[in-house]
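> First, the structure itself, so that you have it in front of you.
Just so it is clear, none of the values below were taken in a lab; they were calculated from the coordinates. Please read these numbers as outputs of a predicted model, since none were measured by experiment. Glycine also receives a Cβ, built like all others from the backbone with ideal geometry; neighbour counts cover every protein chain displayed.
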Amino acid sequence: MSAEQFPPADPPIVATTVHDGGIAEIVVANPPVNALPVAGWFALADAVTAAGADAGVRVVVLRAEGRGFNAGVDIKEMQRTEGFTALLGANRGCYAAFKAVYECPVPVVAAVHGFCLGGGIGLVGNADVIVAAEDATFGLPEVDRGALGAATHLSRLVPQHRMRAMVYTSATATAAELHSYGSVHAVVPVADLRAAAMELAREIAAKDPTVIRAAKASLNGIDLWDVNRSYRFEQGFTFELNLSGVSDRIRDDFVDGSGS
């Protein structure tokens, strides 16, 4: 399974602009809801990796255009693809994208608006700082889609028992709630989101780049758990659910509109 099996979208889903001062702005846009196909996840992973590898980049701002930040994987692509090719691609693509954010050598600032669901939680949970719009909501509807995963990342956003309740019920949390936990750095009006994220990025970019890159490496080095391994463990249960047949049935219900 490789990214080459899924051709890139036209127009591209992910675009990167490097601004003065070393701020790399990575923007995701895949209407109508920013649910990413397999190629989109790999494209995002490549964009973040490339930004971090650029010696002139000091910080990354990750944001999205459209109705929401991210609605997870493209379930319709998965259901119209024979066999498990798209499922395997989505799992590997998500793993690659989440890993790229976490291991990016410079800080990643996530600017979140609207809905942040499923794979979106994996991205922001692995980001260094989150700035959210007042309308932002965060959740893992995975059990309603016949899947599991990204509880690893949700655990970095909300307390343990809140995370468990959210996984079991598919409930969402508001930006204000996450701000109260300290996992969201700031909550701003929707119209001010990009400006707020860029302002924070400029503050980071103004620091000595060698020190900031060392700080990122040191913080990852003292993390309490291995997020890559933890997420990979979760994915194993998604594979089991698919082999049992239950996931395919639930996804079919979702696609035809009879699911929750």
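> On the first, second and third principal axes, largest extent first, how far apart are the outermost C-alpha atoms of region 75-209 in Å?
49, 31, 27
> Per 5 Å bin, what is the whole-percent P(r) computed from every C-alpha pair distance within region 89-140?
Values per bin, smallest distances first: 5, 22, 28, 24, 15, 6, 1.
> Here's a follow-up. If eta is 0.890 mPa s and T is 25 °C, what Stokes-Einstein diffusion coefficient results for region 151-260, Kirkwood Rh from Cα pairs, in µm²/s?
139
> 222 nm [θ] for the chain, helices only, -39500 (n - 2.57) per DSSP H run of 4+, per residue, to 500?
It comes out at -14500 deg cm²/dmol, rounded to the nearest 500.
> If only Cα atoms are counted, what is the Rg of region 12-90, and what is its Dmax, in Å?
14.1, 47
> Viscosity 0.692 mPa s, temperature 37 °C: what is the translational diffusion coefficient of region 197-260 from Stokes-Einstein with a Kirkwood Rh over Cα pairs, rounded to a whole number of µm²/s?
206
> Using a Förster distance of 22 Å, how high is the FRET efficiency between A217 and H19, based on the Cβ-Cβ distance and rounded to 0.05?
Computed FRET efficiency for A217 and H19 comes out at 0.40.
> To the nearest Å, what is the center-to-center distance of region 57-94 and region 180-221, using C-alpha atoms only?
With region 57-94 and region 180-221 each reduced to a Cα centre, they are spaced 24 Å.
> What spacing in nm lies between the two simple spin-label points modelled at D253 and D135, each 7 Å away from Cα in the Cβ direction?
3.0
> Looking at [x] 17.8; [y] 19.3; [z] 18.3, which value of Kirkwood radius over Cα pairs in Å comes from a calculation on the structure shown?
Answer by label: [z].
> Between H179 and L88, what is the spin-label point distance in nm, taking each point 7 Å from the Cα along the Cα→C-beta axis?
Taking the two extended label points, one gets 4.5 nm.
> Which lysines does K216 reach when only Cα atoms under 20 Å apart count, and residues fewer than 8 places away in its own chain are ignored?
Filter leaves K99, K207.
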